[in-house]
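What follows is a set of notes on a single structure, which appears directly below.
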Amino acid sequence: MDSLTLDSKTWLLVLTGAGVSAESGVPTFRGMGGLWEDQPVEAVASPEGFRKDPSLVWRFYSERRKGAAAVHPNPGHEAFVAWERHLGDRFLLATQNVDGLHTRAGSQRVVEMHGNLFKTRCSGCERPPFDDATVYPVGAVPACDACGKRLRPHIVWFGEYLDPADLERIETFALQGATSGRLVFLAAGTSGAVFPAAGIVDRVRRAGGETWLVNLDPAENSSRFEHRVVGRSGEVLPGLAK
Ligand code: BV8
Ligand code: ZN
């Protein structure tokens, strides 16, 4: 198996998806067949879904909060922490996962592109998102004590824009790595189905960077990666970098 060299010129950008958390026992989206309670996740994880049935959406996220709080980071998460310790500010971890496991494992240079399960914000006023691990009772739709409007999970739903500051941070890192060193991009545990995350590999290729995919099954954008390692992220990642 070819190995990833983390030398003094390497700038490493990582993207993780549900397959990294799967090793901790968190079900993946594809694993659920893209469904939750026989509904497509896109329908529940969307502004339309929240407008239509906010208590169903809060049940979906409360269940996932409960699930994520009950699991622990795995050796795949720990490998990223070791790489970050080795590379310092020449390392950046962008994650599509909302379960907070990277931060719990000790990763610090993390961009949570799709938000975080354990944060809530108001759907109606500008009060900032706040930490919230509450598992709301079935049927509950919490209201903002400032304006009375519905509270919502601090999650980027399908059809919603990602935080431009997050995208900017990833872009700046890739550019800096490509110009001042050797840019390497490694995607792990992601089906490459959701944009703009799935487009990062093409951005890196345009900048002349090296690309790696560590995944259990072929991803939708597998062909875009020069190096492909098939396997479980918790087994492959700890021994991948030299
Ligand atoms: C946007 C939070 C601009 C929710 C998520 C029509 C209308 C509107 C938008 C679109 C549209 N058509 C397309 C779009 C764009 C859309 C999109 O890409 N849709 C897809 C479905 C085609 N994107 C968006 O909407 C984004 N916003 O584009 O804004 C805009 C605005 C308005 C109108 C147009 C455009 C927002 C995307 C963010 C959505 N939110 N998450 C939540 O989590 O509850 S995405 C959600 O699904 C997850 O966060 C995750 O990112 C994604 C699932 O992807 P993966 O993480 O890859 O997980 P998956 O299960 O798919 O794959 C797991 C992989 O791991 C598998 O390949 C498997 O083989 C592997 N694996 C499993 N076990 C292991 C393993 N690998 C290793 N080891 C193992 N043990
Ligand atoms: Zn409010």
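The values are calculated or read from the model by the stated rules, or taken from the named source; none is laboratory data. On a predicted model such as this, the values are computed, not experimentally measured, just so you know. So basically every Cβ, Gly included, is an ideal-geometry build from the backbone, and we count neighbours across all protein chains shown.
Key figures
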read-out: Leading residue by the ranking (nearest to Trp212 (Cα to Cα)) among those in segment 1-47 that are of a type in the set (D, E, K, R) and more than 13 Å from ligand 1 (Cβ to nearest atom); value: Asp2
read-out: Matching residues in segment 159-201 - criterion: being among the hydrophobic types (A, V, I, L, M, F, W, C), within 11 Å of ligand 1 (Cβ to nearest atom) and more than 14 Å from the chain's Cα centre (by Cα); value: none
read-out: Residue count for segment 103-132, restricted to those that are more than 16 Å from ligand 1 (Cβ to nearest atom) and closer than 30 Å to Asp89 by Cβ; value: 8
read-out: Residue match in segment 192-211 (condition: farther than 23 Å from Thr103 by Cβ, of a type in the set (S, T, N, Q) and touching an Asp or Glu at 6+ places or on another chain (Cβ under 6 Å)); value: yes
read-out: Qualifying position, being over 30 Å from Ala178 (Cα atoms), of a type in the set (A, V, I, L, M, F, W, C) and more than 15 Å from the chain's Cα centre (by Cα), among Ala70, Ala79; value: Ala70
read-out: Spans of helices (runs of 4 or more DSSP H) in segment 4-94 with at least 1 residues in contact with a helix residue (DSSP H, G or I) (Cβ under 6 Å, 6 or more places away or on another chain), aromatic (Phe, Trp, Tyr) and more than 21 Å from Asp217 (Cα to Cα); value: 47-52, 54-69
read-out: Any hit, segment 148-156, residues being more than 13 Å from the chain's Cα centre (by Cα), at pLDDT 95 or above, of a type in the set (Gly, Ala, Ser) and within 16 Å of ligand 2 (Cβ to nearest atom); value: yes
read-out: Ala79 vs. criteria touching an Asp or Glu at 6+ places or on another chain (Cβ under 8 Å) and buried (at least 16 other Cβ atoms within 10 Å of the Cβ); value: no
read-out: Only listed residue being at pLDDT 95 or above, assigned to a loop (DSSP other than H, G, I, E, B) and within 21 Å of the chain's Cα centre (by Cα), chosen from Val98, Val111; value: Val98
read-out: Criterion violated by Ala165 - all others in (1) more than 16 Å from ligand 2 (Cβ to nearest atom); (2) of a type in the set (A, V, I, L, M, F, W, C); (3) surrounded by 13 or more Cβ atoms within 10 Å (Cβ to Cβ) satisfied; value: (3)
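Condition check ((1) in contact with a strand residue (DSSP E or B) (Cβ under 6 Å, 6 or more places away or on another chain); (2) within 16 Å of ligand 2 (Cβ to nearest atom); (3) β-branched (Val, Ile, Thr)) across all residues:
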{"residue": "Thr95", "(1), (2), (3)": "yes, no, yes"}
{"residue": "His102", "(1), (2), (3)": "yes, no, no"}
{"residue": "Val110", "(1), (2), (3)": "yes, no, yes"}
{"residue": "His114", "(1), (2), (3)": "no, no, no"}
{"residue": "Thr120", "(1), (2), (3)": "yes, yes, yes"}
{"residue": "Glu126", "(1), (2), (3)": "no, yes, no"}
{"residue": "Pro129", "(1), (2), (3)": "yes, yes, no"}
{"residue": "Val135", "(1), (2), (3)": "no, no, yes"}
{"residue": "Gly139", "(1), (2), (3)": "no, no, no"}
